Amino acid sequence: MRISRYFLPVLRETPKEAEIVSHQLMLRTGMVKQASAGIYSWLPLGFRVLKKIEQVVREEQNRSGAIEVLMPTIQSADLWRQSGRYDDYGKEMLRLKDRHERDMLYGPTNEELITEIFRDGVKSYKDLPRNLYHIQWKFRDEVRPRFGVMRGREFLMKDAYSFDLTADAARQSYNRMFVAYLRTFARLGLKSIPMAADTGPIGGDLSHEFIILADTGESQVYCHADLVQTTVPGADTDFDADLSPLIARFTSDYAATDEKHDAARFEKEVPVDKRISARGIEVGHIFFFGTKYSDPMNCRVQGPDGKMVAVQMGSYGIGVSRLAGAIIEASHDKDGCIWPVPVAPFELGLINLKAGDKETDGACDTLCERFANAGIDYLYDDTDERAGGKFATMDLIGLPYQVIVGPKSLKNGEIEIKERRTGMRQTLPLEGAVSQLVGAIRSARQLA
Ligand SMILES: Nc1ncnc2c1ncn2[C@@H]1O[C@H](COP(=O)(O)OP(=O)(O)O)[C@@H](O)[C@H]1O
Ligand SMILES: [Mg+2]
């Protein structure tokens, strides 16, 4: 992609309304634009990041055996009356009427809808276990939308729902999602820590929040320092095996969010030098809630003994749009974003220092062709802006690698490459630079 043909509305000034760095950088790099309070348009650069995050989430859901569906954003109030939540949910739910005066709502979550789908489609225990998920916009009329996409009113969520015959089997479904979450966040370049959590309005008795430690996080959290280092299960994890020993590695050390925190236990179980008390960003949340919805909504299957039993359910959310902000919080410096390769809007940025010059234009065209053939996403700055401005923009948008083509080094057949994260620069012959970059990018894509 050439910048001269792209839509990249970069701001030089930091917008005053943005309090935290991810919100500032998302506005400055033109990733998003506020449409109204807590509601954002995703502009080209931000849209690419969102789609890449979504794809990593999808791949790990699929790997764990979950099946993708797509449910609507608008739901009927009647469905929520069946579960009793229509009256309980309160002002966070956006309620509307259609032209026939029927009560509708913009879904804040999908337990009711998925329970109805499952109830009407499955009759026997032989069709269990199943896990269905979708990646869809939600609306919650938050009292205080803030921090940009971190706490929006309209936001993109991956939500999965598991169905099992017994509570023991449901625990295995829970464990599968637990592992999928660890892998998802690791692939996004994040260190997530599962923490015992309150179940909130969704209810139930088993729940973990997946937390990224960051000063700007909205939650106060407490955990054992070793949890930050625990190795995440690999891509070869067998999701049909008993995952409980794996889960135990992440749940035996103390980790809790504010609502579940027990100061006495924390001090007893965690040595002083291992105590982390910090702020955290909730990027995922998993719940087991048994028959909370299947009972009132009559979602039953025939068991092996012929008797009808209510299915055991769990639900599992990931804040897909929140993650775009969370990744920036975890990975930036004073000059801008530092995107990990798997979610970078483009994998490298090519800078032509003398656009219009036959030699540099020619070399850049050759490089574009090489990158395209190698399947690398690149952004080519072919504008006639001055060098300083081009460098600042590239650093700001934070593509993992930069390739700089100027007349001086090109005389020797050389170009410069820069790694955004370390700032390390190297001057290399053109072909050598290409193979080094392609190798580095390909291996970084595979991570975790
Ligand atoms: N207002 C919001 N804006 C952006 N992401 C959100 C918002 N609310 C929830 N999420 C994301 O969706 C995930 C699942 O939501 P859930 O746990 O049901 O919400 P909450 O923790 O707000 O009750 C959360 O872990 C979070 O990552
Ligand atoms: Mg939550």
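Brief remarks on what is shown
- Residue identified as within 12 Å of ligand 1 (Cβ to nearest atom), surrounded by 20 or more Cβ atoms within 10 Å (Cβ to Cβ) and either over 14 Å from the mean Cα position of the chain (by Cα) or small (Gly, Ala, Ser) (or both) among ALA160, ALA170, ALA180: ALA160
- Spans of strands (runs of 3 or more DSSP E) in the range 380-448 with at least 3 residues under 20 Å from CYS337 (Cβ atoms): 401-405, 414-419
- Taken over the range 315-368, the criterion of being out of contact with any Ser or Thr (no Cβ under 7 Å at 6 or more places or on another chain), charged (D, E, K, R) and part of a loop (DSSP other than H, G, I, E, B) is satisfied by LYS334, ASP335, GLU347, ASP357.
- Among the criteria (1) over 25 Å from the mean Cα position of the chain (by Cα); (2) hydrophobic (A, V, I, L, M, F, W, C); (3) over 21 Å from GLU154 (Cβ atoms), the one VAL56 does not fulfil is (1).
- The residue pairs whose first member lies in the range 304-323 and is within 21 Å of PHE118 (Cα to Cα), whose second member is small (Gly, Ala, Ser) and at pLDDT below 95, and whose beta carbons are closer than 6 Å, counting only pairs six or more residues apart or on different chains, are GLN312/ALA167; GLN312/GLY290.
- Top-ranked residue of the range 119-143 - restricted to ones that are more than 16 Å from ligand 2 (Cβ to nearest atom) and of a type in the set (Lys, Arg), ranked as surrounded by the fewest Cβ atoms within 10 Å (Cβ to Cβ): LYS126
- Candidate set from the range 377-402 (those that are acidic (Asp, Glu) and surrounded by fewer than 17 Cβ atoms within 10 Å (Cβ to Cβ)); member that is farthest from MET31 (Cα to Cα): ASP384
- Residues being touching a residue at least 12 places away in the same chain (Cβ under 8 Å) and buried (at least 18 other Cβ atoms within 10 Å of the Cβ) - total across the range 16-25: 6
- Scanning the range 122-157 for residues that are in contact with a helix residue (DSSP H, G or I) (Cβ under 8 Å, 6 or more places away or on another chain) and closer than 21 Å to LEU79 by Cα returns ASN131, LEU132, TYR133, ILE135, ARG140, ASP141, MET157.
- Checked against the criterion of being in contact with a strand residue (DSSP E or B) (Cβ under 7 Å, 6 or more places away or on another chain) and within 16 Å of ligand 2 (Cβ to nearest atom), the candidates PHE178, PHE163 yield just one match: PHE178.
- Only one entry in GLY46, GLY65, GLY30 is part of a loop (DSSP other than H, G, I, E, B) and over 30 Å from PRO296 (Cα atoms), namely GLY30.
- The lone exception for GLN229 - which of (1) away from ligand 1 (no atom under 16 Å from the Cβ); (2) at pLDDT 95 or above it fails: (2)
- Contact annotation: residue pairs with Cβ atoms under 9 Å, 6 or more positions apart or on different chains, pairing a residue in the range 264-290 that is within 10 Å of HIS224 (Cα to Cα) with a partner that is among the small types (Gly, Ala, Ser) and within 16 Å of ligand 2 (Cβ to nearest atom), are PHE266/ALA256; ILE276/ALA255.
- Pairs linking a residue in the range 384-404 that is more than 26 Å from ILE327 (Cβ to Cβ) to a residue that is outside any helix (DSSP H, G or I) and not β-branched (Val, Ile, Thr), with Cβ atoms under 6 Å and 6 or more positions apart or on different chains, are ASP384/ALA355; ALA387/LEU353.
- Against the conditions (1) among the polar types (S, T, N, Q); (2) more than 16 Å from ligand 1 (Cβ to nearest atom); (3) closer than 27 Å to PHE163 by Cβ, SER277 satisfies every one except (3).
- When ARG12, ARG28 are checked against the criterion of being of a type in the set (Lys, Arg) and surrounded by 15 or more Cβ atoms within 10 Å (Cβ to Cβ), a single residue qualifies: ARG28.
- Just one of the numbered conditions (1) within 16 Å of ligand 1 (Cβ to nearest atom); (2) more than 23 Å from ASN131 (Cα to Cα); (3) buried (at least 17 other Cβ atoms within 10 Å of the Cβ) is not true of PHE287: (2).
- Residue in the range 435-448 that is on the phi > 0 side of the Ramachandran plot, at pLDDT below 95 and not β-branched (Val, Ile, Thr) present: yes
- Test: ALA235 is of a type in the set (A, V, I, L, M), surrounded by 15 or more Cβ atoms within 10 Å (Cβ to Cβ) and either in contact with a strand residue (DSSP E or B) (Cβ under 9 Å, 6 or more places away or on another chain) or in contact (Cβ under 8 Å) with a residue 40 or more places away in the chain (or both): no
The values are calculated or read from the model by the stated rules, or taken from the named source; none is laboratory data. Source: prediction; values computed, not measured. With ideal geometry, Cβ positions are generated from the backbone for all residues, glycine too; neighbour counts draw on all protein chains shown.
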